[in-house]
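Report on one structure; see the data block that follows.
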Amino acid sequence: MKRRVSDDRRFRGRQWRVRWIALVVCAATGCMGPIYRPQSPEASLDLPPTPNVTLVSEYTHPHGMNFVKIEAVSIVTGLAGTGSDPPPSSQRATLLDEMSRRDVNNPNEVLASPNTSLVLVRAFLRPGIQAGDRFDVEVRVPSRSDTTSLRSGWLLPSRLTEMAVLGEKLRAGHVLGMAEGPVLVDPSADPKDNSALTTRGRVLGGGVAQKSRSLGLVVSHQHQSVRTCQSIGSSINKRFYTIINGRKQGVATPKTDEFIEIALHPRYKDNVGRYMRVVRNIAINESAQTLQDRLLLLEHQLADPLTAANASIRLEAIGNDQAVEILKRGLETSDPEVRFYAAEALAYLDNSAAVPTLAAVARDEPAFRVNAMAALSAMDDVMAYD
């Protein structure tokens, strides 16, 4: 028991030490990216560039990693007399046009009912979302509305688009999502005490993406060439491929001399950020001897808690049997932080040896619980399901 408490304290102490060191480095260098998830692996304070090895990150930066906001004006029905007739506005006009397009009879009477309310619908499409994937939707009433509550309401089918002001007018783009479903309102909210909470809610999983969002790599200006794109694409495809129409196909497709489209690997569908980190840590045209030397170096770096996070990512990017064996040896170390990073990488390599460590972390370490659960969910393994 004393040994476990000591390990836990040392684990937390090292977490704070890494955070403070990273914060100081960021303050000194002016970096604005996340501390634990730097955009470039060389932006870390842990791992210097390996001699004679060129990583994808040295030539490229990611594309399509932002969230896309989509919006709509819609109507919620089924309210218990807590709705209202919306005042004249551009939002009402937009909704009337939509109701007319859907051949709704007597739209003004529908809006005037106390059991309906005009609402603003908003959602954010995550990076790499695919057509047919579901997402959560936010629903709220406009500021000038007399609606007192959306509880027990049902959001009618809504077309969600990107909105932008062009030529002093609000313009809508292509339909990127559809939303419909029951509105979940904070059950503890009281309309008399806090009407703001009762006039907003969520439709959990109520949105369906209509188009897939593409990911990609943009080649830096000084390295742009068809040959460079082909080399990067070939190196990535040696590591990652997907099955399309029964055939193996690499995830990387060079489109121009400066852009490489990256298909989302199914194992990383819930952790696109990690997927791009792994892709950008793939070596370009690495020789067999250089790979062996780099594996020895990464094994030493994995044993140090300060360098274990990035070392595990680079071993995951290599992905061969030797890298798996090194990560397995990382599970046998006495340091809990090293064990976690090794197990996380093994999980995304679909190796069942990671399950016991990740299960223990999910139970005992709140700081890494989300990452551990995400890694377990990426595995196609009975132990991980349990």
Using 16 Å as the cut-off for backbone N distance, which residues of the range 262-299 belong to the label zone defined by a point 7 Å from the Cα of I243 along Cα→Cβ? 265-268
With 0.36 nm assigned to each residue of separation and the Cα-Cα distance removed, K269 to Q289 gains 3.9 nm
Under the classification rounded if a/c is under 1.5, otherwise prolate if a/b is larger than b/c and oblate if not, where does the chain fall, given a ≥ b ≥ c as square roots of the Cα gyration tensor eigenvalues? prolate
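What accessible area per residue comes out for the range 79-215, rounded to a whole number of Å², with a 1.4 Å probe?
Value returned for the range 79-215: 56 Å² of accessible area per residue.
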Please label the shape of the range 297-386 as rounded, prolate or oblate, based on the square roots a ≥ b ≥ c of the eigenvalues of the alpha-carbon gyration tensor (a/c under 1.5 means rounded; beyond that, a/b larger than b/c means prolate, else oblate). oblate
Just the number please: accessible area per residue for the range 264-325, 1.4 Å probe, all protein chains included, in Å². 39 Å²
If you stretched the chain out fully between E162 and H174, how much longer would it get, using 0.36 nm times the residue separation minus the C-alpha to C-alpha distance? 3.6 nm
For F240 the rounded accessible area (nearest 10 Å², probe 1.4 Å, non-protein molecules ignored) is 10 Å²
Given R₀ = 45 Å, FRET efficiency for N105-V218 by Cβ-Cβ distance, to 0.05? 0.30
The range 241-386, relative contact order [Cα under 8 Å, separation at least 6], %: 15 percent
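In a shell of Cβ-Cβ distance under 11 Å around Y275, excluding Y275 itself, what net charge do Lys and Arg (+1) and Asp and Glu (-1) give?
Around Y275, the charge tally is +3.
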Magnitude of the Cβ-charge dipole of the chain, K/R +1 and D/E -1, about the Cα centre, nearest 20 debye? 240 debye
State, as an integer percentage, the relative contact order of the range 70-201 based on alpha-carbon contacts under 8 Å between residues 6 or more apart. 29 percent
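Ignoring everything except DSSP H segments at least 4 long, calculate the 222 nm mean residue ellipticity for the chain; use -39,500 (n - 2.57) per segment, divide by total residues, nearest 500.
Helices in the chain give a 222 nm mean residue ellipticity of -11500 deg cm²/dmol.
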Length gained when the stretch S195-A360 is fully extended (0.36 nm per residue, less Cα-Cα span): 55.1 nm
Estimated FRET transfer efficiency when R0 is 41 angstrom, pair D304-S188 (beta carbons, to 0.05): 0.30
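Determine the share of the chain's accessible area contributed by carbon and sulfur atoms, expressed in whole percent, with a 1.4 angstrom probe.
That share works out to 52 percent.
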Only Lys, Arg (+1) and Asp, Glu (-1) charged, at Cβ; the range 255-386 dipole about Cα centre in debye: 220 debye
Reported to the nearest 10 Å², M178 has, with a 1.4 Å probe, an accessible area equal to 60 Å²
Projected onto the charge dipole of the range 248-386 (unit charges on the beta-carbon of Lys, Arg, Asp and Glu, signs +1, +1, -1, -1), the Cα from V382, P336, Y268 with the largest positive-side position is that of Y268
Over the chain, calculate the relative contact order: mean separation of alpha carbon pairs under 8 Å at least 6 apart, over the residue count, as a percent. 14 percent
Which value, in Å² and to the nearest 10, is the accessible area of T54 when all protein chains are kept and the probe is 1.4 Å? 40 Å²
Name the GluC sites (Glu not before Pro) in the range 278-375 that are in a loop by DSSP and that have at most 12 other C-beta atoms within 10 Å, would you? E332
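The values are calculated or read from the model by the stated rules, or taken from the named source; none is laboratory data. Given the structure is predicted, the values throughout are model-derived calculations rather than measurements. With ideal geometry, Cβ positions are generated from the backbone for all residues, glycine too; neighbour counts draw on all protein chains shown. When the accessible area is computed, the model is the full protein with side chains, heavy atoms only, and any ligands, DNA or RNA have been set aside. Shrake-Rupley method; radii C 1.70, N 1.55, O 1.52, S 1.80 Å.
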